[in-house]
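*Asks:* Submitted below is the structure of interest, expressed as structure tokens.
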Amino acid sequence: MHILILGGTAEARALAGLLHPHARVTSSLAGRVANPRLPVGEVRIGGFGGADGLARWIGEHGVDRVIDATHPFAERISSNAAAAAAVAHVPLLALRRPGWVPVEGDDWRDVGSLEEAAAALDGFGWGHLPGRSPRGRVFLTTGRMGLAAFADCPQWFLVRSVDAPEPPMPARTEVLLDRGPFTVDGERELLHRHRIDVLVTKDSGAAATAPKLEAAREAGVPVVMIRRPPVPQGVETAASPEEAAARVLGRAES
Ligand code: NAP
């Protein structure tokens, strides 16, 4: 059995490790990160050329199953995977870790997009936060793509990303290049050192990046939470690499 994993996430790497060597596994990466962590098994890098290109690739490489283990916000590749799997007549499973859920003490404002997150920043009454910059200090962890949505924001931004972001981005931006996993201690220190007023993040649900939420709760820092786009209609989902591997290999989950 030849399984194509659409990857770019820690879960995709874990899944490749569970399936290999029980099946032939090819992991596909978009090629966005300069020095990606590579999974076991075969790896290909770069786009397929849309849903048609992906369907062709599936046919030409004798792929029997596709697992969409991309980031929950990688909407285009997930929709291409659904279209390509239908055309190529191969089963598709989407691996989606559960989203984050607020607990007592959290102050989250849910929004549906990066643009809505940028607009939400105006609603914080910055002038009233004692001892803070009148225009606010924002910790932005939504990734280096999509900063254009915040380009006109007057606030000061700390942007954390794996690779350096490119303009357009907010005029007052400090970039912090780093890659998780992060710790609560580290995140607490970061919020304090940069006097952060608001955290803006995508609901990735990842354990490696969750400590910032705990640190924000402790510090009373509100969170603008960008909610996920839905999985394409009709696509089956698994919540963990273990569940996905068990389903694909036809075993009961241990
Ligand atoms: P996207 O907008 O959904 O996809 C844009 C295009 O990139 C796709 O049409 C496809 O090109 C190519 N592509 C995306 N994922 C691919 C993969 N795994 N293998 C081959 N080609 C792929 O994706 P994105 O949001 O830019 O994310 C790109 C990658 O980074 C994804 O693999 C995702 O798992 C990872 N990632 C994304 C985020 C995020 O916040 N969006 C965060 C962490 C990691 P063609 O149409 O030419 O095939």
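*Asks:* Take region 133-148 and flag every residue that is open to solvent by less than 30 Å² (accessible area, probe 1.4 Å) and closer than 16 Å to E115 by Cβ.
*Replies:* Of everything in region 133-148, those that are open to solvent by less than 30 Å² (accessible area, probe 1.4 Å) and closer than 16 Å to E115 by Cβ turn out to be V138, L140, T142, G143, L147.
*Asks:* While we're here: If only one of E189, E242 is away from the ligand (no atom under 16 Å from the Cβ), assigned to a helix (DSSP H, G or I), assigned by TED's automatic domain parsing to the domain that holds E115 and over 16 Å from the mean Cα position of the chain (by Cα), which one is it?
*Replies:* Every option except E189 fails the conditions.
*Asks:* Same structure, new question: What are the residues in region 165-204 that are of a type in the set (V, I, T), crowded, with 20+ Cβ neighbours inside 10 Å and without any contact (Cβ under 8 Å) to a residue 24 or more places away in the chain, if any?
*Replies:* none
*Asks:* Pairs please, first residue from region 69-86 and touching a residue at least 24 places away in the same chain (Cβ under 8 Å) and more than 19 Å from R227 (Cβ to Cβ), second anywhere and more than 9 Å from the ligand (Cβ to nearest atom) and assigned to a helix (DSSP H, G or I), Cβ atoms under 6 Å, 6+ apart in sequence or on different chains.
*Replies:* A69/E11; A69/L15; A84/A55
*Asks:* What pairs can you find where one residue is in region 207-232 and small (G, A, S), the other is part of a loop (DSSP other than H, G, I, E, B), and their Cβ atoms are less than 7 Å apart, with a gap of 6+ or different chains?
*Replies:* Close Cβ pairs (under 7 Å, with a partner that is part of a loop (DSSP other than H, G, I, E, B)) amount to A208/G180; A208/P181; A208/F182; A210/W100.
*Asks:* Would a scan of region 205-223 turn up a residue that is buried (at least 18 other Cβ atoms within 10 Å of the Cβ), in a loop (DSSP other than H, G, I, E, B), of a type in the set (S, T, Y) and at pLDDT below 95?
*Replies:* Within region 205-223 (the criterion being buried (at least 18 other Cβ atoms within 10 Å of the Cβ), in a loop (DSSP other than H, G, I, E, B), of a type in the set (S, T, Y) and at pLDDT below 95), the answer is no, since none of the residues qualifies.
Residues checked against (1) in the same structural domain as G17 (by TED's automatic domain parsing); (2) in a strand (DSSP E or B); (3) buried (at least 20 other Cβ atoms within 10 Å of the Cβ):
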site	(1), (2), (3)
D52	yes, no, no
P72	yes, no, yes
S78	yes, no, yes
V87	yes, no, no
E115	no, no, no
A118	no, no, yes
D122	no, no, no
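*Asks:* Taking region 10-47 only, how many residues are surrounded by 21 or more Cβ atoms within 10 Å (Cβ to Cβ), in contact (Cβ under 8 Å) with a residue 24 or more places away in the chain and within 9 Å of the ligand (Cβ to nearest atom)?
*Replies:* So the count comes out to 2.
The values are calculated or read from the model by the stated rules, or taken from the named source; none is laboratory data. Just so it is clear, the model here is predicted, and its values are computed rather than measured. Cβ atoms come from the backbone with ideal geometry, glycine included; neighbour counts cover every protein chain shown. Only protein heavy atoms, including side chains, enter the accessible area calculation; ligands, DNA and RNA are left aside. Shrake-Rupley method; radii C 1.70, N 1.55, O 1.52, S 1.80 Å.
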